[in-house]
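Contents: one structure, followed by commentary.
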Amino acid sequence: ADAEAVEGMGPISEHKGENLMPTDRGVSVYRRKLRRLIRDLQDGTPPPQPQQLEGQPVRTYGQDTVLKAPMRNSEEDRKFIKHIGREVMELQFGAETMDLEARDAHIISKLKEMEAAGFQ
């Protein structure tokens with residue numbers, strides 16, 4: 001199956017003949033970044049690596065925590081969810097330099113506090 005996925009795509013295409021649509025903007029941004037990183041590597045600059053504390057896995061920001069938030073009317077609810085999301089991400093980014101166990105405990109504790117306070 002892997003061979004089919006790789007070989008089934010056919011030859012490498014030249015992108016200059018493509019007609020990218022506005023929804024393909026991410027594709028072109030990614031390609032530019034990749035080309036820049038390749039040029040930098042050819043010039044001796046290694047690509048950036050994910051932030052990682054020695055001996056610990058690369059951190060991601062996906063959690064398995066479910067927050068119980070009170071419902072609001074539809075417009076208020078959208079703003080409320082956006083507000084909660086922003087607070088959660090700030091909490092996670094703020095704990096980035098902690099070791100993994102302390103980071104998880106800190107984040108879980110703060111999320112419980114937020115939930116108990118009704119996300120005020």
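Before moving on, here are some points about what is shown:
- Residues Phe93, Phe80 in ascending order of nearby Cβ atoms (within 10 Å, fewest first): Phe93, Phe80.
- Given R0 = 22 Å, the distance between the Cβ atoms of Arg86 and Ala116 translates into a calculated FRET efficiency of 0.70.
- Given R0 = 22 Å, the distance between the Cβ atoms of Ala69 and Ala105 translates into a calculated FRET efficiency of 0.50.
- In this structure, the amide hydrogen of Ala69, modeled 1.01 Å from its nitrogen in the peptide plane, lies closer than 5 angstrom to no residue at least 5 positions away or on a different chain.
- Taken along the Cα-to-beta-carbon direction at a fixed 7 Å, the label points for Arg25 and Glu76 span 3.3 nm.
Read-outs: derived from the displayed coordinates by stated rules, not from any lab. Since this is a predicted model, take the numbers as computed values, not measurements. With ideal geometry, Cβ positions are generated from the backbone for all residues, glycine too; neighbour counts draw on all protein chains shown.
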